[in-house]
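The values are calculated or read from the model by the stated rules, or taken from the named source; none is laboratory data. Everything numeric in this text was worked out from a predicted model, so none of it was measured. Don't worry about glycine lacking a Cβ; one is built from the backbone with ideal geometry, like all the others, and counts go over all protein chains shown.
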Amino acid sequence: MFEMNSPFCSKEGRAERKEFRKERRAERKDKKEIRKTTKGEGRNFRTTEEGAGMTSKGVKEYKKKNPGSKLQTAVTGDVKPGSKAAGRRKSFCARSRGWTGERGKAARARWKC
């Protein structure tokens, strides 16, 4: 399996890996991630009663932190058949067909799947 001189077998190797994991956790903590909250003024997600999914504020915040992102809000209104919005809706509905949880069902209802 492992050679005896492998860093995975030695105590030093284990200590090294532990230290590395500790540093990675600290790095992730330092990065400001989007708060996944559905309550309060600064929320970025809708509640299940509102149809789940991100709010427009949440999408803006995400795009700011991830330049070049093409994230968009849900297609909720009436769309012309064959339009880009209709294509997005059709694609989302196909991808999310297996979403059987409470939030998934709410999101699919909001998208009118």
Report summary line: Considering the range 93-113, residues that are assigned to a loop (DSSP other than H, G, I, E, B) and of a type outside the set (Ser, Thr, Tyr), and then whichever is surrounded by the most Cβ atoms within 10 Å (Cβ to Cβ), we arrive at Trp111
Query raised in the report: Which one is nearest to the chain's Cα centre (by Cα), of the residues in the range 36-54 that are among the small types (Gly, Ala, Ser) and either in the same structural domain as Ala106 (by TED's automatic domain parsing) or within 15 Å of Ala74 (Cβ to Cβ) (or both)?
Result: Gly53
Requested in this report: Considering each residue of the range 60-87, count those that are of a type outside the set (A, V, I, L, M, F, W, C) and part of a helix (DSSP H, G or I), and give that number.
Outcome: 8
Query raised in the report: Here is a list of conditions, (1) at pLDDT 95 or above; (2) exposed (fewer than 11 other Cβ atoms within 10 Å of the Cβ); (3) not small (Gly, Ala, Ser), and Lys90 meets all of them except one; can you say which number that is?
Result: (2)
Query raised in the report: What about Lys32, is it within 23 Å of the chain's Cα centre (by Cα), of a type in the set (D, E, K, R), under 20 Å from Gly58 (Cα atoms) and at pLDDT below 75?
Result: yes
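Any idea which of Lys39, Lys70, Lys80 is at pLDDT below 90 and either of a type in the set (Asp, Glu) or loosely packed, with under 11 Cβ neighbours inside 10 Å (or both)?
Criteria check complete, one pass: Lys39.
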